[in-house]
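First comes the structure, then the notes that go with it.
The values are calculated or read from the model by the stated rules, or taken from the named source; none is laboratory data. Fair warning: this is a prediction, and the values are worked out from it, not measured in the lab. Reconstructed Cβ throughout: ideal geometry from the backbone, glycine too, with neighbour counts over all protein chains shown. Accessible surface is based on the protein model in full, side chains and every heavy atom, while ligands, DNA and RNA are left aside. Shrake-Rupley method; radii C 1.70, N 1.55, O 1.52, S 1.80 Å.
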Amino acid sequence: MLAEGRRRQLHVLLTVVLDACTIAAAFSLAYLLRFFWEVVPASDSPPVGPYLAILPVLVPVWIGVFAAYGLYRERLQGFFDEALRVTSAVSVGMMALLAGSFFYRQFSYSRLWILFAWGISVVLVLSARGALRPARARDRADGAAATVAGGSHAELDGLRAAGTPPQILTAVRRVGAHRVIIALPADARETTLQVSAACQEAGVPFAIVPDLYTLVSSGAEVELVDRLPLLTLRGTPLAGWGRRLKDALDVTVALVGVILCLPLMAIISLLIVLDSRGPVFYRQQRIGKAAVPFYAWKFRTMVVGADQRLARDRRLRERFAATYKLVDDPRVTRMGRWLRRTSLDELPQLVNVLRGEMSLVGPRPIVEEELRKYGAWERRLLCVRPGLTGMWQVLRHHQPDYAQRVSLDMYYIDHWSVGLDLKILLRTLPSVIAGRGAY
């Protein structure tokens, strides 16, 4: 039996190949209708060469548009939703073709041919995808492992129960499951979180049988397997093309930022040396993506021996343990207070971004002791890189407690977009200028 990841890849590849063939067929059929069969009488009969020559360029562009419209996601969409997406994607592709033909003066393409191709493309793409729907639906229903709280249930609404929560990963390997279905009562919330975390850690897709339909308001996706409603938790958008796009943005902006900020960083280094004895930079080990530790660099804002002082002072240590931040920290230097208010102490972390250890925007980098505060969400936090700035940083003048910080981090991971990153970056600038940085 194919592994889940390989099965998904083959589904996407098959759909891409099918779309490419139907797009090429649609434009070829449109040419025949317009100039060979002359459904509408034509005044001339242009050569077929220029009409076929654009296909090697047109087909990849359209596949890209289809991907942008989410037509290659694994989730089996409803017919009307897919039809709307296909029609929209084909229309955008046609506008791209019209724009290109406007600037291409060596040959004038028939506008009626373009209109025929638009309608035929929509019909053929939807028909080809419709032919695949039954097979995809059967494949998604096969191999699902249902788990129950006890061992008394052998079957759940027609689906075989493969094991109990402690046996989940063993059961997945035994039956070769494509996906895990978690069917636990509402009062077993902690067990559900543990099973979900285990599936995420092992990379096994999973869905939850909802106890109340009001859970739909959480934004999770709902589907039916036989007569069983399933609540599928959405994966983070920070995967696939989303991750590549974010990486490209990180490298570009961080490189420009380092170049532009070099004079400012030189001035800050000089002021630190004049203000107090000790090194210019300070590094501390943080937990990065996939729990890989790294050293985050900052301008030194504390007196030499600050960590040892914290270890000796019990009251200071108790205050620090609550939020891992201290209001009016007595260890901070005069220059350090200004750097923290403006957040300029974190400028050296642009180097961490260039090294691929951090991102421009993301959850706040944490030390290992803080992981326990994330509970069942620990693995979800570790699926992304920590950020130079983030939702907590731009909202921290509201002084959220740690639970709110965890919620903000999870919201960012689940709702990431380029627009959200840009919004956070733009909101960071006023905070720096106004001096609303760390205390």
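Of note:
- Only one of the listed residues (Leu76, Leu33) is among the aliphatic types (A, V, I, L, M), modelled with pLDDT of 80 or more and open to solvent by 40 Å² or more (accessible area, probe 1.4 Å). That residue is Leu33.
- The lone exception for Lys373 - which of (1) within 20 Å of Tyr412 (Cβ to Cβ); (2) charged (D, E, K, R); (3) buried (at least 18 other Cβ atoms within 10 Å of the Cβ) it fails: (3)
- Scanning region 294-311 for residues that are open to solvent by 70 Å² or more (accessible area, probe 1.4 Å) and modelled with pLDDT of 90 or more, we see that the one that is nearest to Ile366 (Cα to Cα) is Tyr295.
- Any hit, region 344-362, residues being closer than 21 Å to Ile413 by Cα, of a type in the set (A, V, I, L, M) and at pLDDT below 85: no
- Taking the criterion of being hydroxyl-bearing (Ser, Thr, Tyr), open to solvent by less than 60 Å² (accessible area, probe 1.4 Å) and at pLDDT 85 or above, the residues of region 79-127 that qualify are Thr87, Ser88, Ser91, Ser121.
- Long-range neighbours under 8 Å by Cβ, at least six apart or interchain, first residue in a helix (DSSP H, G or I) within region 249-265, second modelled with pLDDT of 90 or more and of a type in the set (Ser, Thr, Tyr): Asp250/Ser359
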